[in-house]
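A short reminder: the numbers here are calculations on the coordinates, not readings from a lab. None of these values were measured; they are calculated from a predicted model. Cβ placement follows ideal geometry from the backbone for every residue including glycine, while neighbour counts extend to all protein chains displayed.
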Amino acid sequence: CVAPLQRSQKTGSHRLPKVILEMASLPRQHRLRKSLEITHTLDHGTKTVSREIVVFTLPSSTTSKLGIIVTRKIGGAVIRNKIKRRLRVAFRQCHQSMELPVDVVVIARADARGADPARLAQRLTASIAQATRRSPPRPTV
């Protein structure tokens, strides 16, 4: 299912096909990009803890957004990026079934390193569902 690496015409280096790069990223409107947005969600959001991840959710008035925190304590750059890719895919899958827009910040824990992608997706979906049941929607201004 995964396309092989393609060799660039100009530099001769390997790069992933555009289709795979689009699958691994989220559009800008679905990302928490500013540290102020992330700290606001961490300070005022609902916290849900599992072995692999800690999830903070805060009802949003616009669209659902995701912020991911994976510290160097978890592993090297390759492992951290792998965990982030898996969490983005999981968010994209559960994003389709969300009734209300929420801002989500996910903090990866050490057990996320060896976790199965399906297990991460299940934990993230369950955490978001649990948090949205607990917190009322934010009023639109």
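Things to note:
- Separation in nanometres of the label points that stand 7 Å from Cα toward Cβ, at Q130 and A118: 2.1
- Derived scalar couplings ³J(HN,Hα) [region 81-97; Karplus, 6.51 cos²θ - 1.76 cosθ + 1.60; whole Hz; x for Gly, Pro]: 5, 5, 5, 4, 4, 5, 5, 5, 4, 4, 5, 4, 5, 7, 4, 5, 9
- 3J(HN,Hα) along region 108-117: 6, 9, 4, 6, 5, 4, x, 6, 5, x Hz, from the Karplus curve 6.51 cos²θ - 1.76 cosθ + 1.60 with θ = phi - 60°, whole Hz, x for Gly and Pro.
- Sequence-distant residues sharing a close amide H with G67 (under 5 Å, placed H): L32, V104, V105, V106
- Note, ³J(HN,Hα) from phi for region 42-51, Karplus 6.51, -1.76, 1.60, rounded to Hz, x at Gly and Pro: 5, 6, 10, x, 8, 9, 10, 10, 9, 5
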